[in-house]
1. Hey, among the residues in segment 53-69 that are modelled with pLDDT of 95 or more and among the charged types (D, E, K, R), which one's surrounded by the fewest Cβ atoms within 10 Å (Cβ to Cβ)?
2. Take the residues in segment 104-121 that are hydrophobic (A, V, I, L, M, F, W, C) and open to solvent by less than 40 Å² (accessible area, probe 1.4 Å); name whichever of them is modelled with the lowest pLDDT.
3. Can you tell me which residue among 34, 25 is free of Cβ contacts under 8 Å to residues at least 12 places away in the same chain, in contact with a Lys or Arg (Cβ under 9 Å, 6 or more places away or on another chain) and under 19 Å from residue 12 (Cα atoms)?
4. So which pairs qualify, if the first residue must be in segment 122-138 and loosely packed, with under 14 Cβ neighbours inside 10 Å, the second must be assigned to a helix (DSSP H, G or I) and among the small types (Gly, Ala, Ser), the Cβ gap must be under 8 Å, and the two must be at least 6 apart or on different chains?
5. What tally of residues in segment 53-108 results from selecting those that are in a strand (DSSP E or B), more than 13 Å from residue 146 (Cβ to Cβ) and aliphatic (A, V, I, L, M)?
6. Listed residues 50, 85; which is open to solvent by less than 70 Å² (accessible area, probe 1.4 Å) and in contact with a Pro (Cβ under 8 Å, 6 or more places away or on another chain)?
7. Keeping to segment 143-187, report how many residues are open to solvent by 70 Å² or more (accessible area, probe 1.4 Å), modelled with pLDDT of 95 or more and in a loop (DSSP other than H, G, I, E, B).
Amino acid sequence: MSQEWREHTFSQALDRGRNAHGSRLAIVAGTHRLTFSELADRAESLARGLIESGVRHGDCVALWSSDCLEWLLARWAVPAIGAVLVPINTRFRDEEIRYILGQSDAKALIMSRGIPSVNYYDILSRIDPGVAAYTQGGWSSDVFPALKLVIGIGDSMPASVTPFTDAETQGRELRARDDVYQSFADK
């Protein structure tokens, strides 16, 4: 068995999957199905949207969500731009979340609403009461000074949270317009 894959970055692995298996099914997440090409395109679009929102190489991006398609896309997009993925255990609550977000100096947080019995936005609001006053992409928290962007998965989120679909769509549109855009694997 070849160990060649160990020498590839996340973005190179996406490109390799796209080139080798393009139209073959790569992801099944609930009712969602993505081919290798679609997975690579969507992850690159999210990565481009994150870059446009200010996430840079070396920045920490926390991911607080149960398994879903968006979790998978973030898992590929964040390391593709050289940012550090900080996965957060979905069972963590107030003090653990405060510690992880503070200790990691996360610049961005990608999160879902939570599970039926636990609302993650409520937890975030208890930890940082200023959440309601922040603007999309312009967080200015005394509790988490590094945190500038919160991206929400799903459809029910505070006004200060940027919808995941908006970040991905913005990235897709920028990729289509960028004369200098290349696959992240080419960089």
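The values are calculated or read from the model by the stated rules, or taken from the named source; none is laboratory data. This one's a predicted model, so the numbers in the text were calculated from it and none came from an experiment. Cβ placement follows ideal geometry from the backbone for every residue including glycine, while neighbour counts extend to all protein chains displayed. The accessibility values were calculated without ligands, DNA or RNA, using every heavy atom of the protein model including side chains. Shrake-Rupley method; radii C 1.70, N 1.55, O 1.52, S 1.80 Å.
1. If we take residues in segment 53-69 being modelled with pLDDT of 95 or more and among the charged types (D, E, K, R), then 56 is surrounded by the fewest Cβ atoms within 10 Å (Cβ to Cβ).
2. Across segment 104-121, the extreme among qualifying residues is 118.
3. The match here is 25.
4. Pairs found: 132/125.
5. Going through segment 53-108, the residues in a strand (DSSP E or B) turn out to be 60-64, 84-87, 108.
Now drop any that are not more than 13 Å from residue 146 (Cβ to Cβ), which leaves 63-64, 85, 87.
If we keep only those that are aliphatic (A, V, I, L, M) too, we end up with 63, 85.
The total comes to 2.
6. Answer to the check: 85.
7. Residues meeting the conditions: 2.
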